[in-house]
Amino acid sequence: MANKGIYELKRPITFEGKEIKEIDLSGLEDLTGKDMRELDTQYRQKQFNPAITKEFDVLYLQMVLARATSKPIELFESLKAKDWTALEVYTRNFLLI
């Protein structure tokens, strides 16, 4: 990440008619215990068989990023594989380390 909390996409995408070149991840720092509880509840409702360690589930990580960035989950589903994988690892490490 060039700037703290800003992820610059390797391959910009067009989402909802707008070019997306970067994603501000600083909202991860602002998530609260209540946010995490609500995300856990939503995740368990969406998953028929939730992962034991939800931090390794792509859906959960996309839900966390959507909450932290106030962007729709579909944005993260639209990212190219290299960008998604970088955000997946970053978010997982943020939650676990």
Check: Where does helix 81-96 land angle-wise versus the long Cα axis of the chain, in degrees 0 to 90, nearest 10?
Finding: 50
Next item on the list: Please determine, in degrees from 0 to 90 and to the nearest 10, the orientation of helix 33-46 with respect to the longest principal axis defined by the Cα atoms of the chain, where the helix direction is its Cα long axis.
Entry: 80
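At most 12 other Cβ atoms within 10 Å and a DSSP loop assignment: could you name the GluC sites (Glu not before Pro) in segment 1-89 that fit? It would help to have the intermediate numbers written out before the result.
On the way: sites: E8, E16, E19, E22, E29, E38, E55, E74, E77, E88; in loops: E16.
Sparse-neighbourhood loop GluC sites (Glu not before Pro): E16.
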Note to self: If I compute log10 I(q)/I(0) by the Debye sum over Cα atoms at q = 0.10, 0.19, 0.25 Å⁻¹ from the structure I just sent, which labelled value in (1) -0.30, -0.94, -1.42; (2) -0.58, -1.02, -1.29; (3) -0.25, -0.92, -1.50 lines up?
What the structure shows: (3)
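Given a cut-off of under 8 Å on Cα pairs at least six residues apart, what relative contact order in percent is computed for the chain?
On the way: 89 pairs, mean separation 25.7, N = 97.
Computed value for the chain: 26 percent relative contact order.
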Margin query: Quick check: the angle from helix 58-69's long axis to the longest principal axis of the chain, C-alpha only, nearest 10 degrees?
Written below: 60
Notebook entry, point to check: When the chain is fully extended, how far beyond the present Cα-Cα distance does L59 get from I73, taking 0.36 nm per residue of separation?
Noted result: 4.1 nm
Next item on the list: Quick one: among D40, D30, D83, which has the greatest mean-square fluctuation in a GNM of the chain with alpha-carbon springs under 10 angstrom?
Entry: D30
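Do any chymotrypsin sites (Phe, Trp or Tyr not before Pro) in segment 1-55 lie in a DSSP loop with no more than 11 other beta carbon atoms within 10 Å, and if so, which? Before the final figure, lay out each step's value.
Details: sites: Y7, F15, Y43, F48; in loops: F48.
Taking segment 1-55 and a limit of 11 other Cβ atoms within 10 Å, the loop chymotrypsin sites (Phe, Trp or Tyr not before Pro) found are F48.
Can you compute the FRET efficiency between A86 and R44 using 1/(1 + (r/R0)^6), with r the Cβ-Cβ distance and R0 = 22 Å? Round to the nearest 0.05. The partial results should precede the final answer.
Details: r = 27 Å, r/R0 = 1.21.
Rounded to the nearest 0.05, the efficiency is 0.25.
The numbers here are math on the coordinates, done by the rules we state, and not lab data. What you are looking at is a predicted structure, and each value in this text was computed from that prediction instead of being measured. Here Cβ is always computed from backbone atoms with ideal geometry, including for glycine, and neighbour counts include all displayed protein chains.
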